[in-house]
Amino acid sequence: LQLARLMVTEPNVLLLDEPTNDLDTDTLAALEDLLDSYAGTLVVVSHDRYLLERVCDRQVAMLGDGRVRDLPGGVEEYLRLRSAALTGTSSGTPGTATPGTSSSGSSSSGSPVSRGPSSADARAARKELTRLERSMARLSDREDRLHRQMAEAASDHARVSELDTQLRAVLAEKTDAEEAWLAAAETAD
């Protein structure tokens, strides 16, 4: 409720400490939708991996050495670095693999390894896919409602015409969202 009251004032920065703790699944989904569509800057401290990957474009972490580290690889990179720190394995040297992970950097021949989109690009594409999937679901619901309303107003030509105009707009928006989803899916893979 406090967050809803705060959002009415349209702040441009939100500082959130464990915002998903003790929420039921419906409230959690609503909060994630709200934060994912938030236009301002979010600073989120959380152990909720899904939330972090969904709403954050950039992730940083403290690994216990007193420094804040940038994590271009997101939570996966944090887990790899944390595991390396706990086992005492060096993870900062290119070509040194940590247990259960592959080495990044150059191949043995000295040429760079081509891996397609960067992990940050792929994460952004997955975030866009999630947003587009929610948008398509909302548009499908709206389409179904319009079909029901048209059936109920079958004898009122003016109302059916108005609903048909709305339906055409929803279908066009849904087609655009589906095309955008296909483009984002290529980047996410």
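The values are calculated or read from the model by the stated rules, or taken from the named source; none is laboratory data. What you see is a predicted model, and the numbers here were worked out from it, not measured in a lab. Positions of Cβ are generated from backbone atoms using ideal geometry, with glycine treated the same way; all protein chains shown enter the neighbour counts. Heads up: the accessible areas ignore ligands, DNA and RNA and are worked out on the full protein's heavy atoms, side chains in. Shrake-Rupley method; radii C 1.70, N 1.55, O 1.52, S 1.80 Å.
Quick notes
- Scanning region 19-28 for residues that are in a loop (DSSP other than H, G, I, E, B), open to solvent by 40 Å² or more (accessible area, probe 1.4 Å) and not polar (S, T, N, Q) turns up 22, 23, 24.
- Taken residue by residue, region 50-59 has no member that is of a type in the set (Asp, Glu) and without any contact (Cβ under 8 Å) to a residue 40 or more places away in the chain.
- Test: residue in region 92-104 that is open to solvent by 80 Å² or more (accessible area, probe 1.4 Å), part of a loop (DSSP other than H, G, I, E, B), at pLDDT 50 or above and not small (Gly, Ala, Ser): no
- Residue list for region 78-89, filter: open to solvent by less than 70 Å² (accessible area, probe 1.4 Å) and either under 17 Å from the mean Cα position of the chain (by Cα) or modelled with pLDDT under 80 (or both): 85, 88, 89
- Checking each residue in region 140-189 for being open to solvent by 60 Å² or more (accessible area, probe 1.4 Å), closer than 30 Å to residue 125 by Cα, acidic (Asp, Glu) and in a helix (DSSP H, G or I) picks out 141, 144, 173, 176, 178, 179, 186.
- Only one of the listed residues (142, 148, 131) is more than 20 Å from residue 53 (Cα to Cα) and touching a helix residue (DSSP H, G or I) at 6+ places or on another chain (Cβ under 8 Å). That residue is 142.
- From the list 5, 58, the one residue that fits, being in a helix (DSSP H, G or I), modelled with pLDDT of 85 or more and either open to solvent by 90 Å² or more (accessible area, probe 1.4 Å) or in contact with a His (Cβ under 9 Å, 6 or more places away or on another chain) (or both), is 5.
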